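Okay, so here's the structure we're looking at.
The values are calculated or read from the model by the stated rules, or taken from the named source; none is laboratory data. These figures come from a predicted structure and were not determined experimentally. As a convention, Cβ positions derive from the backbone with ideal geometry for all residues, glycine included, and neighbour counts pool all protein chains shown. For accessibility, only protein heavy atoms count, side chains too; no ligands or nucleic acids. Shrake-Rupley method; radii C 1.70, N 1.55, O 1.52, S 1.80 Å.
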Amino acid sequence: VWPVDKKIAEDENCPQITQASLWIKKNEVIAFPTETVYGLGGNAKSDAAIEKIFLAKGRPSDNPLIVHVASREQLIGMVSSIPERAKKLMDAFWPGPLTLVLPKGEDVSERVTAGLSTVAVRMPDHPVALKLIKECGLPLAAPSANVSGRPSPTTAQHVHEDLNGRIPGILDGGVTGVGVESTVVDCTAETLVILRPGGVTKEQLEVVAGETMMDPGLLNEQAAPKSPGMKYTHYAPNAPLFLVDGSPSFLQELVDKQKGAGLKTGVLTTEENAPFYKADAVIPCGSRGKLESVAHHLYDALRAFNESGVDIIYGEVFPKSGVGAAIMNRLEKSAGGQIIKE
Ligand code: TXA
Ligand code: MG
């Protein structure tokens, strides 16, 4: 683990970042912080590097990666064209938690795009990520730096838990900001389509790009999601999670039943509602009044249940507006779609 000051200046010398960029240039992979979650980065032009990313994560090879750049010039060779609407989105949201799916360029490794004719690209809003990409002079293909199926890492400690011994190093820039992954949008169709809700909200996208729709695959089980990653169970804690759409007293009744059956119980809640519950692990995840804080704490809370060794978890639901759409998307995936209504 290589600690770096998050506030590092652009022109400041940083031996840890230099060391990391040397590994990247040798087509090895290292973990680095972004404003959303930690990424596991490798040279986007190298098949060998990309192979190592998939191996370290245990990721299915049909799930494509996001290419991270530090400047628009680095998109040359990565994408084959940039439609006007995509340029507007870059102007408005880059650097930031928005990933654009565009026609693939010639220099991207086939392994990055999993054989698709499109490629996902984003410019992260984090000084350490940007400095690393600039210093190695290469676009970095990077998925979240977790073992596949586990919650994405929001601290270097999380990355260490998952990938220790599998990669040469982790740049530690402290806890990430947004806490959930970037929004992925398909810019190749007539209408802008959200393939994965994330840090940039539908409401924000509409202001810049006009009509914006959610991929039907996100909203119902029948349609297949267009973003390959969305079909896997994700972000799962070890114990089964059930979402509860109802009052705290209803949720507590469910907990009491399981306690009666001898199970160790967990409740995923918020600062406001935490005092209502009696369970073996009551874990508050931000404040209901500020959904950004829920996003920020979400993955750490899901991981905390593993340490508490509970057998079953009940979790509160959130409104699906703003960043709530991303929170509920991740929670529904963690729960494998299991929702109990009062
Ligand atoms: O915030 C983030 O996006 C983080 C940080 C590290 O940048 N990265 C991240 O990567 O979440 P990953 O690999 O965990 O998720 C990438 C998502 C997957 O759902 C994948 O299927 C989708 O992007 N994706 C990648 N390329 C695509 C493409 N060409 N078409 C559609 N979906 C694509
Ligand atoms: Mg991921």
- [ ] Can you tell me how much longer the chain between E272 and L116 gets when fully stretched, taken as 0.36 nm per residue apart minus their C-alpha distance, in nm with one decimal?
- [x] 51.7 nm
- [ ] Could you state how much accessible area W94 has, in square angstrom rounded to the nearest 10, with a 1.4 Å probe and all protein chains kept in place?
- [x] 30 Å²
- [ ] Under a 10 Å cutoff between Cα atoms, tell me which one of G289, G96, G169 has the largest fluctuation in the Gaussian network model of the chain.
- [x] G289
- [ ] Please report the orientation-averaged projected area of the stretch 1-141, defined via the convex hull of its C-alpha atoms, in nm².
- [x] 8.0 nm²
- [ ] Would you check the accessible area of I339, probe 1.4 Å, heavy atoms only, in square angstrom rounded to 10?
- [x] 70 Å²
TODO: Enter the angle in degrees (range 0 to 90, nearest 10) between the Cα long axis of helix 47-57 and the first principal axis of the Cα atoms of the chain, meaning the one along which they spread out most.
DONE: 10 degrees
- [ ] With no solvent and one equal point scatterer placed on each C-alpha of the stretch 1-65, evaluate the Debye formula and give log10 I(q)/I(0) for q = 0.27 Å⁻¹, two decimals.
- [x] -1.26
Open item on the list: As an exercise, identify the GluC sites (Glu not before Pro) in the stretch 1-93 lying in DSSP coil whose Cβ has no more than 14 other Cβ atoms within 10 Å.
Closed with: E10, E12
- [ ] Please report, as a whole percent, how much of the solvent-accessible surface of the chain comes from carbon and sulfur atoms (probe radius 1.4 Å).
- [x] 52 percent
- [ ] For T191, tell me the accessible area in Å² from a 1.4 Å probe, rounded to the nearest 10.
- [x] 40 Å²
Task: the stretch 293-342 - Rg and Dmax from Cα coordinates, angstrom - done: 11.3, 32
TODO: Can you tell me what the convex hull of the Cα atoms of the stretch 167-301 projects to on average, as an area in nm²?
DONE: 12.1 nm²
TODO: Quick one: angle between helix 127-136 and the longest Cα principal axis of the chain, in degrees between 0 and 90, rounded to 10, please.
DONE: 30 degrees
Task: P(r), alpha carbons of the chain - 20 Å bins starting at zero, rounded % - done: 32, 57, 11, 0
Task: Bins of 5 Å, starting at 0 and running to the largest distance - Cα pair percent for the stretch 41-108 - done: 3, 14, 24, 25, 16, 12, 5, 1
TODO: Rounded to the nearest 10 degrees, what's the angle between the helix 248-260 long axis and the longest principal axis of the chain, both from Cα atoms, 0 to 90?
DONE: 80 degrees
Task: Sum of side-chain charges, P95 neighbourhood, beta-carbon under 9 Å (Lys, Arg +1; Asp, Glu -1) - done: -1
Task: Cut-off under 5 Å, modelled amide H: who pairs with V119 long-range - done: L102, K104
- [ ] Give me the orientation-averaged projected area of the Cα convex hull of the stretch 107-181, in nm², one decimal.
- [x] 6.0 nm²
TODO: Could you pull out every residue, at least 5 positions away or on a different chain, whose amide H is within less than 5 Å of the one on T265? Hs are placed 1.01 Å off N in the peptide plane, and Pro or chain starts have none.
DONE: D280, A281, D311
Open item on the list: If you average the alpha carbon positions of the stretch 72-120 and of the stretch 165-214, how far apart do those two centres end up, in angstrom?
Closed with: 13 Å
TODO: Principal axes first, then extents: for the Cα atoms of the stretch 242-292, list largest minus smallest coordinate on each axis, whole Å, largest first.
DONE: 36, 19, 18
Task: Antiparallel content of DSSP bridges confined to the chain, in %, to 5 - done: 35 percent
- [ ] Find the accessible area per residue for the chain; the probe is 1.4 Å, ligands and nucleic acids are left out, and the unit is Å².
- [x] 41 Å²
Open item on the list: Output wanted: per-residue J couplings in Hz (rounded whole) for the stretch 196-201, from phi through Karplus 6.51 cos²θ - 1.76 cosθ + 1.60, θ = phi - 60°, x for Gly and Pro.
Closed with: 9, x, x, x, 8, 8
Task: Loop sites in the stretch 276-310: chymotrypsin sites (Phe, Trp or Tyr not before Pro), DSSP, at most 14 other Cβ within 10 Å - done: none
Task: C-alpha center-to-center spacing [the stretch 127-148, the stretch 263-279] in angstrom - done: 37 Å
